[in-house]
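Have a look at the structure below, then the notes.
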Amino acid sequence: MPTNLRVRAFVAVLVTAALGVLVVTTATTDLPPLDEWIWAALVFGLLFALAEYYPIPLLGRSGANAFTMTAVPGFALLLTTPLPVTVGLVGVAVCLAGRLSGRGRSTIRTAFNAALSSLAFGLGALILALVVDLPATEIGLETVAAVLAAGTVTLSLTAVLTAAVIALDQGAAFRRVLRDGVALNDLGTHFLLLSLAPMVVVIWNYDRGLVPVIVVVMIAVHRASREGIAARTFALNDPLTGLPNRRALDERVAQLLRRGDEQGCLSLLLVNLDRFGMINDKLGRPFGDRLLRLVGRRLDAMAHVDTVAHLGGDSFAVLVRRHDADGVRAVAVQLLEAVGEPYVLDGVPVQVDASVGVASAPADGSDAAALLLVADTQLTTAKRLGAAPHIHLSGGHASAAQPGRLSVLGEFEDALAGDQLRLDYQPQVDLGDGAVVGLEALLRWRHPQHGEIAPGVFVGALEHTDLMPTLTRFVIDRAVADLAALRRQGYVGTMSVNISARDLHNRRFADEVADVLARHGIPGDRLTVELTESTFVTDQERARHVMHELAELQVGRSLDDFGTGYSSLSALAGIPLTELKIDRAFIVGLQHGASGMSILQAILDLAERLELTSVAEGVESPGERQALQRLGCQVVQGYLIARPMGREAVPGWLAANDPARSATRTAG
Ligand code: C2E
Ligand code: MG
Ligand code: MG
């Protein structure tokens, strides 16, 4: 766990307190002769360490929760061994088990667990000592009652201190963490187990040779608990992804909504992958299954998420404990970004987009079924509004911070009218001579409330609306005007702009491009238009037509994100292109050794044969650049060269990084 200062301070206080208890009890206890307790200390101490070493994993979001049977040997120790020895032994056993188990436990976590056990059992001993004489030679009914009472205190202290440290670490509400912990850890079972401790001591006092019986009893209980928990996990988990299933989601929603003080503060985000059927068809079901597991893992690793359930197929439900429109939208945006990052499976890069429908309690319903129904209709709307990532919040949100349907669309009109949109530019460098041969214009939207919104999120949403041509006009106009200014300062390279499928249906597109170029006195071959591969697939006919028109203007035609659009190569034949932009996923794929390298080589060969300029995007390290150079790639773009920068920063960057200043690149 990432530890903050407050967590460290808290653990330091606990460790000091545990050491204090150890010192004070040692000083105030008259230790009985060694032979009266040393064997009990060793045997029960060892059993304690074993119980700590073999926890029973519990169903939980992080999978980090576990149930241990330490209460049994712990109380057997308390009944048979002097208090300071128990306190010390318990601490040492926890440290040892933590270290030896190699479960990647951090020092601070081990220190916390050790101090916590010492303190909790120390406090248990104080309660126990009020009722029975320790070490207990006679075990009677009152000993059992005392163990149960003392055990309750021990368990409560453990639950409270654990919740406190988690709340400090995650900045979460203490009461909420405590309640979750109590629900998850099944304190009832711990309580029942406690009564085994006096029984174990009875066996021990009767005949020490019966130690194997004690071990067998503990193994039997351990196995039974493990199987019980496994059965529950099986019933509530989806076998494919290991995530909670629909039934677990129902339970969790009911559990969260039962709580009065949460005020039904809960939203359900229904996430559905776009075009997943196509991936299954083209790459096979096993591939699709592995992809689903990766998507699930990414969702589950996200912050601010309470539960991620796999509902089957390509649908996931994500529970978020808030229902304010801004907050939920922010989570939805992060979620789409996380899912949309490329995946690499066997060196093959895949990219999937998703859509999200949102429903919130109490406005949209008060159980999982009702929320899912509303979220599903929102999802359908989201999918209908745009083929690419889109979020749709339910009408229940209309009364929240912002009025109306909180879709990206409404607000984007304001952005276009105001000054919330700008272009950043990212340089492209020739691998042959290091000259800067091009700049790519990348759109930025600084939203007054949500801050910077990634183009990947809103561009897709605009795809099927009339706003898209307006937006593209804005981008081309601005980019060409900036290019004209840069050319006056000596820049001779090209300017690339991204267009979308919707622009292909604008019959005047090529004319508009010609107008802009003429207005700024820019030769056609200095502008390159980038179209993503998936767009070519969906609109082959229109794409071919528009590309021919642009070719007549000498404007460059680039195939963006090549390799992620599932196009068959024959679909690309007959489309007059000048450039192939190799998606970042293939550069990432280089890490996968030979297979990644071969795929990249094949793409570069293809580009060469088709006489297309090869541009690799997303180049982040010198190693990647060298590999690309070796494989014969012509141009690179990526953070290694420069991050996209504001218009004002470009001349300075060019002066410092492009001494040649003489680069030219001709569109074919
Ligand atoms: P794209 O055209 O493939 O743009 C490249 C994306 O990769 C940009 O993301 C860029 O910031 C990012 N990038 C560049 N170098 C690196 C690198 O080294 N590592 C990593 N991890 N990323 C790198 P951005 O700006 O978020 O744009 C995302 C997509 O949004 C673009 O992908 C493009 O498809 C679309 N887009 C951007 N601007 C426009 C626009 O004006 N119109 C249209 N229709 N689409 C746009
Ligand atoms: Mg691009
Ligand atoms: Mg790209």
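The values are calculated or read from the model by the stated rules, or taken from the named source; none is laboratory data. These numbers were taken from a predicted model, which means no experiment stands behind them. Cβ atoms come from the backbone with ideal geometry, glycine included; neighbour counts cover every protein chain shown.
Here LEU161 fulfils each of the conditions (1) in contact with a Phe, Trp or Tyr (Cβ under 9 Å, 6 or more places away or on another chain); (2) exposed (fewer than 14 other Cβ atoms within 10 Å of the Cβ) apart from (2). Specify which of the listed residues (ASP539, ASP525) is within 19 Å of GLU440 (Cα to Cα) and either buried (at least 24 other Cβ atoms within 10 Å of the Cβ) or among the charged types (D, E, K, R) (or both). Result of the check over ASP539, ASP525: ASP525.
The residues of region 333-352 that are surrounded by 19 or more Cβ atoms within 10 Å (Cβ to Cβ) and either at positive phi or touching a His at 6+ places or on another chain (Cβ under 9 Å) (or both), listed by number, are VAL333, LEU336, GLY347.
Scanning region 352-384 for residues that are farther than 20 Å from LEU273 by Cα and assigned to a helix (DSSP H, G or I) gives ALA368, ALA369, ALA370. Do we find a residue being crowded, with 21+ Cβ neighbours inside 10 Å and under 16 Å from ASP353 (Cα atoms) anywhere in region 301-311? Looking through region 301-311, none of the residues is crowded, with 21+ Cβ neighbours inside 10 Å and under 16 Å from ASP353 (Cα atoms). The residues in region 511-545 that are away from ligand 2 (no atom under 16 Å from the Cβ), in contact with a Gly (Cβ under 7 Å, 6 or more places away or on another chain) and under 18 Å from ASP561 (Cα atoms) can be counted, and the count is 2. Listed here are the helices (runs of 4 or more DSSP H) enclosed by region 559-654 that have at least 3 residues being under 29 Å from the mean Cα position of the chain (by Cα): 584-588, 593-609, 622-631. Comparison of ALA501, ALA510 shows that the only residue that is in the same structural domain as LEU606 (by TED's automatic domain parsing), buried (at least 18 other Cβ atoms within 10 Å of the Cβ) and within 14 Å of ligand 1 (Cβ to nearest atom) is ALA501.
Got at least one residue in region 529-549 being over 20 Å from THR472 (Cβ atoms), part of a strand (DSSP E or B) and within 16 Å of ligand 3 (Cβ to nearest atom)? Scanning region 529-549 turns up no residue that is over 20 Å from THR472 (Cβ atoms), part of a strand (DSSP E or B) and within 16 Å of ligand 3 (Cβ to nearest atom).
Has region 341-350 got at least one residue that is within 28 Å of ALA235 (Cβ to Cβ) and either of a type in the set (S, T, N, Q) or part of a strand (DSSP E or B) (or both)? The answer is no; no qualifying residue exists.
Take the conditions surrounded by fewer than 19 Cβ atoms within 10 Å (Cβ to Cβ), touching a residue at least 12 places away in the same chain (Cβ under 8 Å), within 16 Å of ligand 3 (Cβ to nearest atom) and more than 15 Å from GLY347 (Cβ to Cβ) and apply them to GLU620. Does it pass? Against the criterion (surrounded by fewer than 19 Cβ atoms within 10 Å (Cβ to Cβ), touching a residue at least 12 places away in the same chain (Cβ under 8 Å), within 16 Å of ligand 3 (Cβ to nearest atom) and more than 15 Å from GLY347 (Cβ to Cβ)), GLU620 qualifies.
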